[in-house]
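One structure below.
None of the figures in this text is laboratory data; all of them are computed from the coordinates on show. Small disclaimer: the values here were computed from a predicted structure and weren't measured. Backbone-built Cβ (ideal geometry, glycine too); neighbour counts: all protein chains shown.
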Amino acid sequence: MFRLVVADLRRNALGALAIVLIVAFAAALGVAVTLQERALRLGSARAATAFPLVVGAAGSETQLMLSAVFLQPAPLGLVPGRVLSSLAADPRVAWAAPVGFGDFVEDYPIVGTTQALVDGLGGLRDGRAFARLDEAVAGAAVALRPGDRFHPLHGQASTGGHMHGETTYEVVGRLAPTGTPWDRAVLVPVEAVWRTHGLEAHEDEAHEGEQHEGEQHEGEQHTDEAHASGAPGAAQAPDPQAAIDPARVTAAGAPGVPAIVVKPRSIADAYKLRQEWRTDTTLALFPAEVLTRLYATLGDARRVLSAVAIGAQALVAAAILLVILLHVGQRRRQIGALRAFGAPRPAVFAVVWMEGFALLGLGLLAGVGLGYGAARLIAARLEAQSGVALPVLFTRDDLTPLLVLAGATAVLAAVPALLAYRQSPAAALRG
Amino acid sequence: MPALAVEALEVRFPGLATPALAIAHLTVESGARLGLTGPSGSGKTTLVNLVTGLERAGRGRLAWDGTDIARLSEGRRDRWRAANVGLVMQDFHLFDGLSARDNVLLPLRLSRLSLPAGAGAEADRLLARVGIERRDQKVETLSRGQKQRVAVARALIARPGILVADEPTASLDAEAGATVASLLLELATEAKATLIVASHDPRLLERLDRVVRLEAGRIRETGG
């Protein structure tokens, strides 16, 4: 019986291959959509877990989360230096680190921060952390090695930023991989960022002859992108090779920063801190929660995508059914003949069913593999772009739809089998 | 070696005033070699389908050794045919992609889970008997005459008591037709099977014991 099925399929090898491929592509579409969506969700959620609580200036929660966790460049208001100073002194806080951005080296964002975040991100893989203002730590996916020197660029190289030629950093260490966009970041002391931009602000002001002591938004007018704005005077660190001074970062009079990453000591502390820093001028959020809310909003888009995939699969199923029916129609004589020569009806049913199920099942299996491969490929490309590790994986929940699909395949294959079963052998012999 | 008894058989097709086939009385003795002839549309194929149980008679009685196959259900007719009838058709109905040997064994393979003991040897014997030397050759590469000889071997693999052929030589050239005709007659005798052959081929018909001529669904004459 198997030999007959194999011989028949081999005789129609091209047609059979076409059916398998069509089914495979249709199944791959659905599998890829499911896996890719899950990878994005898991990957970004994992990226957010390194940042339990983020405090920023009052504004968009989503933007603050995207900027702090995913390093998306955007204009953000600054939180005054006293906020960081207060958080750093809070006994409920394990650590609090400023995050200041706006500059790039090539297309890698330069993030001004402190040792606390270097440790919070998982520490170093090699080299050491920055100890001087002109030292930097590269993320795991950054194409810079310890010993490399670079000038920061205001704005991304690909969008035509201008060079801060007067500042030079030397890479002294590399972060361990985190699977987050921070793998593509270059970490420098936040004071160095203040200094770079503080100097700029100072030059601008020379023409006006004014002093803006303590003003927060200085130096930001000339760009759309957020960066730590230095208050000249307060943040002056005249010697670029000076050692970093953690105390100055957390001083009450320190310049403002766009975001502060806070690691609370306990979950209860996290909620209390979020509550306290939701004020008229500051915003506190759990990135994971904002992300969840974002997904809830995007859930409709995912459903649309799934519906499109399911629709495509239904169309393919209908087309395949038609092809199989035509195929069986052509083989009516042969199948009828089987019965005339002594094959029982169930055997006729079984032969046709096995052929159909083999084709569709093979296509389904190939489709799952193909979809997995496609999702991996897309994830790899997105990972290279964003640094977010996208875990493409099957879960136990996938088993049910796959079994349902396999069952549907079995039922679908039964349609032509049933027609063959009902075929009168005498009519079949007449052709 | 079953004998056939047909009584008051009538087959009507919807929309036709006269019956397609009406046979008041026909008997075929056990081991007989009967020919059926007549013009196209005279009911030969209908009668072949009825005596092999491929179709069910509307009215009348059609009994092989007392088993009225006109009364059997479709599944039981299939089983009865598998056990008792070997069929040879004008168009061979071999399965392309399978070897000659696999084609001969196909009815047995499909009707049970495993081949009965000795089936393989019997297939080899039958193929040798009909003159097919390369048993593993795919049937689509055989000549028409060879194909019909494989079909004859297949008809006999289940050791049927009844061998029925519908125009077995019509699609063959004279030489191949003569070979197939001889094989049918010899093998029916060797297998002690009752042979019924529907044919236009006078050289085949003249070698049979008895020929029934059908016209417009009725028996016109019996000769031979």
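Just a few scattered comments:
- For the peptides A:397-405, A:337-345, A:250-258, the ranking by packing is A:337-345, A:250-258, A:397-405, with the highest mean count of neighbouring Cβ atoms within 10 Å listed first.
- Span-rule helices in chain A, defined as complete DSSP H runs reaching 15 Å or more along the axis (Cα) with Kyte mean at least 0.0: A:13-49, A:287-330, A:345-386, A:399-422
- Across the options A:Q385, A:G59, B:S199, the greatest Cα extent toward the positive end of the charge dipole of the protein assembly as shown (unit charges at beta carbon of Lys, Arg, Asp, Glu) belongs to B:S199.
- Proximal charge balance of A:T34 [Cβ under 15 Å; K/R count +1, D/E count -1]: +3
- Label positions at A:A296 and A:A406, each projected 7 Å from the Cα along the C-beta direction, are separated by 3.7 nm.
- Least to most buried among A:V69, A:V172 (fewest other Cβ within 10 Å first): A:V172, A:V69
- Neighbouring Cβ atoms from other chains, within 10 Å of the Cβ of residues in B:94-100, number 5 on average.
- Relative to one another, the C-alpha centroids of region A:344-387 and region B:107-165 are positioned 39 Å apart.
- The residues neighbouring A:E383, those whose beta-carbon lies less than 14 Å from its own, together hold a net charge of +3 under the Lys/Arg +1, Asp/Glu -1 convention.
- Within chain A: Cβ-based charge dipole about Cα centre, in debye rounded to nearest 20 (Lys, Arg +1; Asp, Glu -1): 4560
- Mean per-residue shielding of peptide B:110-117 is 3, counting Cβ atoms of other chains within 10 Å of each Cβ.
- DSSP bridge pairs, the protein assembly as shown: antiparallel proportion in percent, nearest 5: 65
- Label point at B:H200 placed 7 Å out along Cα→Cβ; residues across region B:162-184 whose backbone nitrogen lies under 20 Å: B:165-182
- Along each principal axis, Cα extent of region B:4-223, largest first, Å: 50, 39, 33
- Taking the Cα centre of region A:274-332 as origin and assigning +1 to Lys and Arg Cβ atoms and -1 to Asp and Glu Cβ atoms, the resulting dipole is close to 480 debye.
- At an R0 of 51 angstrom, the distance between the Cβ atoms of A:L17 and A:E106 translates into a FRET efficiency of 0.65.
- Going from the residue with the fewest nearby Cβ atoms within 10 Å to the one with the most, B:E175, A:E166 rank B:E175, A:E166.
- For chain A, the relative contact order comes to 27 percent (Cα pairs under 8 Å, sequence separation of at least 6).
- Relative exposure of B:D166, A:D103, A:D90, B:D209, judged by other C-beta atoms within 10 Å (fewest first): B:D209, A:D90, B:D166, A:D103
- Across region B:4-223, C-alpha contacts under 8 Å between residues 6 or more apart give a mean separation that, scaled by the residue count, equals a relative contact order of 29 percent.
- Evaluating kT/(6 pi eta Rh) at 25 °C and 0.890 mPa s, with the Kirkwood radius of chain A over Cα pairs in the Stokes-Einstein relation, gives 96 µm² s⁻¹.
- Each residue of region B:23-32 was assigned a 3J(HN,Hα) from its phi angle through the Karplus expression (A = 6.51, B = -1.76, C = 1.60, θ = phi - 60°), giving 10, 6, 7, 8, 10, 10, 6, 4, x, 6 Hz with x at Gly and Pro.
- With a cut-off of 12 Å on the backbone N, no residue of region A:82-120 is near the modelled label site 7 Å out from A:A247 along Cα-Cβ.
- Region B:81-202: C-alpha gyration tensor shape, a/c 1.5 cut-off, then a/b vs b/c: oblate
- Taking label points 7 Å from Cα along the Cα-to-Cβ direction, A:D239 and A:D398 give a separation of 5.8 nm.
- For region A:401-425 and region B:58-104, distance of Cα centres in Å: 26
- Neighbouring partner chain Cβ atoms per residue of A:80-87, average, 10 Å criterion: 0
- Its DSSP H runs of at least 4 residues, each contributing -39,500 (n - 2.57), put the calculated 222 nm mean residue ellipticity of the protein assembly as shown at -15500 deg cm²/dmol, to the nearest 500.
- Surrounding net charge for A:A45, when Lys and Arg each add one and Asp and Glu each subtract one, Cβ distance under 11 Å: +2
- Whole-Å semi-axes of the ellipsoid equivalent to region A:242-295 (Cα gyration tensor, √5λ, descending): 26, 13, 13
- Pairwise label distance in nanometres, B:A174 with A:L315, each label 7 Å out on the Cα-Cβ vector: 6.1
- For region B:185-224, the ratio of Cα radius of gyration to the globular rule of thumb 2.2 N^0.38 Å stands at 1.27.
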